[in-house]
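Working notes for the structure below.
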Amino acid sequence: MKRFSALYLVLAIALSIAGCAKNDGFSHNGVEYCNPKANNDQTTTPLFTDGLRDEAAVREKTGFVGANIGMGGLMAGDGEWIYYRDETDWGLYKAKTDGSEKTLLLPVEEYSPSNLNVLDEWVYFSNYRDDFSLYRVRTDGTAPEKLVSGYCSTLFVAESGIYFDCRDESNRFRAFRINLDGTDQELIAEDFSPVSYYNGILYLYNFRSETLSAYNTETNETTILNDSIKQAAYFSTDESGIYYWENLSDFCYLDPATGSVTVLRKGPIGDYYNYANGRVYFVAYGGSNYDYSCCYSLDLSTEIETPILSLSEEMYDFNGEPIGLTQAEYLAGDYNPEVIPKDTSGWPVVLNERAFEIYLANGQVFSRGVLKESIPAHCWIYCNGKNGQLWG
């Protein structure tokens, strides 16, 4: 099986530059960043553990973990199986946590999922093949049914119901709630989109006014938590508070009792933040010039960052073969243009391994990325503390 994906020259430049800052040393904020050659001896111990959560504080089961929905919701787990969108055909599949027993649940011509949740033997999702209408299907692939028609996104499923955004004709944000069977739809708020849910509190964000609010699903009362949260994304919530990425830079914590904000990790190096159980997972860069992708785990109790995925510093052709050029050399322009391969139309084509969204499922960490073995498609990468493993 193969493992990484092709990018045309312009896209490779954009991906290499985005979030990539030059640095004379090999550290940022005092943290040693990863070198793929130095991480081959790391163990494959699970990197994310559900057992760390204070179960006594959890009153209500949910169908999602951390910021998975903020990443696009392309993966969810139920403890034994992982339900996900396959990157080859965009179909809805399930597989065991180790990637075995891969099973297609629904016809790919009719169903393509995002915003995946799994709760009590049901998988809930937005269906790209039906204008992102809201569906559910049993975990064995039977009894698929449409619950809501329309452009549905940011879907959060809990025992108390389904909370989601469904746009109107002018693409206006609207937060709704329905029962798990799709009945009793009610409008919660306009101009706000759901961004997280925890223990009866639905968190709503207005991207234009930069306001974060908390909606109590039992009392129907809304409280403004902070009205200056700029360009926020990747929200996660638990008993300790609210975690999110702000202004394309800093990873922050908000105390729901006071509305005060604390920067937990200073940007701009870092993206695709996911949080659960006292740990922050994110994509950053390695090498002396931060010129290749890595994924890290930050333990908030110790403030220690650990590399959990170190991708290659090499550049590749369309067949996933190295062209004898590193990303650092490529970014610096330190190469002979003749070494850059071209496609059949004469366009220069180079690719590099990349890690994008970080997902948490069944006590493990995954990244949606591009690997040389998966050319030309994106793929799922298991973050094994080394150079990654093609999954699914």
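Measuring from label point to label point, each 7 Å out along Cα→Cβ, what is the residue 130 to residue 101 span in nm?
About 2.7 nm, to one decimal.
Across the range 226-240, in residue order, what do the Karplus-derived ³J(HN,Hα) couplings come to in whole Hz, using 6.51 cos²θ - 1.76 cosθ + 1.60 with θ = phi - 60° and x for Gly and Pro?
Once θ is set to phi - 60°, the couplings for the range 226-240 become 6, 10, 9, 8, 8, 6, 8, 7, 6, 6, 9, 9, 8, 5, 8 Hz.
Amide H of residue 106 versus every other amide H placed in the peptide plane: which residues, excluding those fewer than 5 positions away on the same chain, fall under 5 Å?
Answer set, sorted by chain and number: 92.
Show me, for the range 378-392, the HN-Hα J-couplings you get by feeding each phi into the Karplus relation (A = 6.51, B = -1.76, C = 1.60, θ = phi - 60°), rounded to Hz, glycine and proline as x.
Result, rounded to whole Hz: 5, 8, 9, 10, 7, 7, 9, x, 10, 8, x, 9, 4, 10, x.
Based on the alpha-carbon gyration tensor of the range 89-131 and its eigenvalue square roots a ≥ b ≥ c, which shape applies: rounded if a/c is under 1.5, prolate if not and a/b is larger than b/c, or oblate?
Oblate, since a/c reaches 1.5 and b/c is not below a/b.
Between residue 373 and residue 332, what FRET efficiency comes out of the Förster formula 1/(1 + (r/R0)^6) with R0 = 30 Å and r the beta carbon distance, rounded to 0.05?
Working from the Cβ atoms, E equals 0.65.
Compute the separation of the alpha-carbon centres of the range 163-221 and the range 304-373 and state it in Å as a whole number.
The range 163-221 and the range 304-373 have Cα centres separated by 39 Å.
Could I have the simple spin-label model distance between residue 138 and residue 168, label points 7 Å from Cα toward Cβ, reported in nm to one decimal?
Once both label points are built, they end up 3.9 nm from each other.
Per Stokes-Einstein, at 4 °C and 1.567 mPa s, what whole-number D in µm² s⁻¹ belongs to the range 57-239, with the Kirkwood radius over Cα pairs as the hydrodynamic radius?
Stokes-Einstein gives a translational diffusion coefficient of 78 µm²/s.
Hey, can you grab everything whose amide H is under 5 Å from the amide H of residue 198? Only 5+ residues off in sequence or another chain; H modelled, so Pro and N-termini drop out.
Excluding prolines and chain starts, which carry no amide H, the hits are 203.
Describe numerically, in nm with one decimal, the distance between label points set 7 Å from Cα along Cα→Cβ at residue 222 and at residue 210.
Here the modelled spin labels are 2.0 nm apart.
Along the range 248-255, what does the Karplus equation 6.51 cos²θ - 1.76 cosθ + 1.60 (θ = phi - 60°) give for ³J(HN,Hα), rounded to whole Hz, x for Gly and Pro?
Couplings: 6, 9, 9, 9, 10, 10, 10, 7 Hz.
What pairs from 61/266; 342/372; 230/266; 61/386; 61/230 go past 25 Å between their alpha carbons?
61/266; 61/386; 61/230
Read-outs throughout are calculated quantities, based only on the coordinates presented, and are distinct from any laboratory measurement. The model shown is predicted, which means the values in this text are computed figures rather than measured ones. Every residue, glycine as well, gets a Cβ built from its backbone with ideal geometry; the counts of neighbours run over all protein chains shown.
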